[in-house]
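Take a look at the structure below.
The values are calculated or read from the model by the stated rules, or taken from the named source; none is laboratory data. Please read all numbers here as calculations on a predicted model, not as lab measurements. Because the Cβ atoms are built from the backbone with ideal geometry, glycine has one as well, and the counts that use them run over all protein chains shown.
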Amino acid sequence: MRRIRYQVACSLDAYIADLDGKTGWIVDEPAIDFGALFDQFDTLLMGRLTYEGLVKDAAGFWGKTVLVFSHTLRQEDHPQVTVVSRDAQSLLQQMRSLPGKDIWLFGGGELFQSLLALGCVDTVEPAIVPVLLGGGRPLLPTPAVQHRLTLTSHQVFPSGIVWLEYTVNPPAESSA
């Protein structure tokens, strides 16, 4: 079964973007093989703000299938992606059962919050950047459902980035 993985860079104080929604504070780490990283996925999930930022700043979506979760975007205005406005849980369960690579929950703390509450996130993989922002867009906005995680991997890079990988425990284990 394909996994939905929330893989994201965040500051040490758990922000994924600064107060202006920017990520220029993320340090370059030559030891991270971004080609290999991107090759683990064939599908990107993102919220509207992340999508709108990428449309302005990036040329395409690296050949990946893209689902944008939004109640305001209209599918006919964004034919290059699939706009999801309802039945997210059933759609994602169906996608997970199809053959393919893992699915990257690419962006949005609010989307992470929603999908985590639906039980649709398998791993949380923050790359902790050695910076304190003091405010911005949080990794997980409040209120959120409490979940227990199990550390499955970690890596420290020369730049000071610490990459962690946690498996999201099933709800029965999370509430114990």
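Give the residues of region 15-51 that are farther than 25 Å from Gln80 by Cα and in a helix (DSSP H, G or I), sorted by residue number.
Scanning region 15-51 gives no hits.
Anything in region 93-103 that is at pLDDT below 95 and within 27 Å of Gly21 (Cα to Cα)? List them, or say none.
The answer is none; no residue qualifies.
Looking at region 132-153, which of the residues that are polar (S, T, N, Q) and at pLDDT 95 or above is nearest to Leu116 (Cα to Cα)? Working first, answer last.
Quick first cut of region 132-153, residues polar (S, T, N, Q) only: 142, 146, 150, 152-153.
In the following step, the residues that additionally are at pLDDT 95 or above were identified as 150, 152-153.
On the way: Thr150: 15, Thr152: 18, Ser153: 20 Å.
This residue is Thr150.
Cβ-Cβ below 6 Å, separation at least six or inter-chain, first residue in region 73-84 and without any contact (Cβ under 8 Å) to a residue 40 or more places away in the chain, second in a strand (DSSP E or B): which pairs?
Leu73/Val83; Gln75/Val83; Val81/Val66; Val81/Val68; Thr82/Leu67; Val83/Val68; Val84/Leu67; Val84/Phe69
Just a yes or no: is a residue in region 52-70 without any contact (Cβ under 8 Å) to a residue 40 or more places away in the chain, more than 19 Å from Gly119 (Cβ to Cβ), aromatic (Phe, Trp, Tyr) and assigned to a helix (DSSP H, G or I)?
Within region 52-70, none of the residues are without any contact (Cβ under 8 Å) to a residue 40 or more places away in the chain, more than 19 Å from Gly119 (Cβ to Cβ), aromatic (Phe, Trp, Tyr) and assigned to a helix (DSSP H, G or I).
Is it fair to say Gly21 is over 17 Å from the mean Cα position of the chain (by Cα) and of a type in the set (Gly, Ala, Ser)? Before the answer, list the steps.
Values: over 17 Å from the mean Cα position of the chain (by Cα): no; of a type in the set (Gly, Ala, Ser): yes.
In short, no.
Consider only pairs whose beta carbons are under 8 Å apart and that are at least six residues apart or on different chains; among these, list those whose first residue lies in region 111-134 and is surrounded by fewer than 21 Cβ atoms within 10 Å (Cβ to Cβ) and whose second residue is in a loop (DSSP other than H, G, I, E, B) and basic (Lys, Arg).
Note: pairs meeting the criteria are Asp122/Arg3; Thr123/Arg3.
Starting from residues that are touching a residue at least 24 places away in the same chain (Cβ under 8 Å) and closer than 25 Å to Leu67 by Cβ, keep the ones in region 15-31 and report whichever is surrounded by the fewest Cβ atoms within 10 Å (Cβ to Cβ).
Ranking the qualifying residues of region 15-31, first place goes to Gly21.
Please return the ranges of strands (runs of 3 or more DSSP E) entirely within region 80-170 where 1 or more residues are under 13 Å from the mean Cα position of the chain (by Cα).
Values: elements: 82-84, 102-107, 123-129, 149-156, 162-168.
The strands (runs of 3 or more DSSP E) meeting that bar are 102-107, 123-129, 162-168.
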